[in-house]
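Everything below concerns the one structure shown next.
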Amino acid sequence: MIFADPPFNIGKEYNNGQSDLLEQDHYLDWCRLWITESVRILKPGGAIFIYHLPRWAYHLAAYLGEQEMDFRHWIAVSMKGTFPRGKKPYPAHYALIYFTKGAPKTFNRVRLPIPTCRHCGKDIKDYGGHRKYLNPAGLNLTDFWEDTSPARHRKEKSRWHINELKPMIPERCVEISTNPGDIILDPFGGGGSTYVTAERLHRFWIGTEIGPCEPIVERFKRDFHDQTRFKSIPEELHRIRSPSLCEISIAG
Ligand SMILES: C[S@@+](CC[C@H](N)C(=O)[O-])C[C@H]1O[C@@H](n2cnc3c(N)ncnc32)[C@H](O)[C@@H]1O
């Protein structure tokens, strides 16, 4: 599986010596390059998720279609705290495009806890007398994700100018399209959200990041300081545990 959260080409400072404000054609050519390579290395049945602004995502989705990838979904990930610009509707979602190389090898149904009020603990929605028929394992994940606000600003986030995702976003993609022991590539490491998710869920992971990798290293030290947690995983998975930080490399 490949999860890609590329620079959005909106002039953000990533502290990596690269411009995040290219001419449209130049930017799209660059995207086509890494998409072509991603498609090449993906195994049959593998999935690719690309997180982007709808403005760019529709170009990338069309290109994936031209690469004979199978369209699975356009997931809307709710965007908060934005402002309307120009003669356009108020932007309220990011696009998470989801394609597979042929029929998906894995599709796991992800379930979410039934939403309750954080003050009174009661259900937020009225299920019209059908509450008792809901699956106790939770509600089916839909193509509209509204519980994924951006990652909180931590000290290191502002220091390194990383545009970090809430890990729930790569986490759901990992859960939907892979099983323990599968391999995940994220070509745009940033703060390492995909890598920590993969590690936690016992998948292999490979990453590249053109800017500083220290935030990823620090995050791993922080999140995985207690290695004893691995004692709880089944014996057969010890063998295939992610090789961790040795997989971080600098991409050109
Ligand atoms: C939007 S951020 C990714 C954030 C990441 N998903 C997270 O949650 O931590 C995009 C990252 O891509 C990196 N990047 C840009 N061009 C790159 C390239 N050619 N190779 C590898 N990384 C690149 C940037 O330095 C930046 O850290």
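The values are calculated or read from the model by the stated rules, or taken from the named source; none is laboratory data. These numbers come from a predicted model, not from an experiment. Please note: Cβ atoms are built from the backbone with ideal geometry, for glycine as well, and neighbour counts cover all protein chains shown. Calculation scope for accessible area: heavy atoms of the full protein, side chains included, ligands and nucleic acids excluded. Shrake-Rupley method; radii C 1.70, N 1.55, O 1.52, S 1.80 Å.
So is Ser177 modelled with pLDDT under 95, open to solvent by less than 50 Å² (accessible area, probe 1.4 Å), polar (S, T, N, Q) and touching a strand residue (DSSP E or B) at 6+ places or on another chain (Cβ under 8 Å) or not?
Details: modelled with pLDDT under 95: no; open to solvent by less than 50 Å² (accessible area, probe 1.4 Å): yes; polar (S, T, N, Q): yes; touching a strand residue (DSSP E or B) at 6+ places or on another chain (Cβ under 8 Å): yes.
For Ser177, the condition - modelled with pLDDT under 95, open to solvent by less than 50 Å² (accessible area, probe 1.4 Å), polar (S, T, N, Q) and touching a strand residue (DSSP E or B) at 6+ places or on another chain (Cβ under 8 Å) - is not met.
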Next item on the list: Report yes if some residue within the stretch 67-75 is within 30 Å of Asn108 (Cα to Cα) and within 12 Å of the ligand (Cβ to nearest atom); otherwise report no.
Entry: no
Check: Applying the selection to the stretch 74-120, what residues are under 13 Å from Ser177 (Cβ atoms), open to solvent by 60 Å² or more (accessible area, probe 1.4 Å) and not charged (D, E, K, R)?
Finding: Ala103, Phe107
Margin query: When you check Pro89 against the structure, is it away from the ligand (no atom under 14 Å from the Cβ) and modelled with pLDDT of 95 or more, yes or no?
Written below: no
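Being modelled with pLDDT under 95, closer than 22 Å to Leu141 by Cβ and not in a strand (DSSP E or B) narrows it down to one of Ala151, Ala198, so name that one.
Details: Ala198 fails: modelled with pLDDT under 95.
Just one listed residue meets the conditions, Ala151.
Within the stretch 206-226, is even one residue under 13 Å from Phe3 (Cβ atoms), open to solvent by 30 Å² or more (accessible area, probe 1.4 Å) and either in a loop (DSSP other than H, G, I, E, B) or at pLDDT 90 or above (or both)? I'd like the intermediate steps shown before the answer.
Within the stretch 206-226, the first condition is being under 13 Å from Phe3 (Cβ atoms), and the residues that meet it are 206-208.
Next, from what is left, pick out any that are open to solvent by 30 Å² or more (accessible area, probe 1.4 Å): 206, 208.
Right, trim to either in a loop (DSSP other than H, G, I, E, B) or at pLDDT 90 or above (or both) and you get 206, 208.
Within the stretch 206-226, one or more residues are under 13 Å from Phe3 (Cβ atoms), open to solvent by 30 Å² or more (accessible area, probe 1.4 Å) and either in a loop (DSSP other than H, G, I, E, B) or at pLDDT 90 or above (or both).
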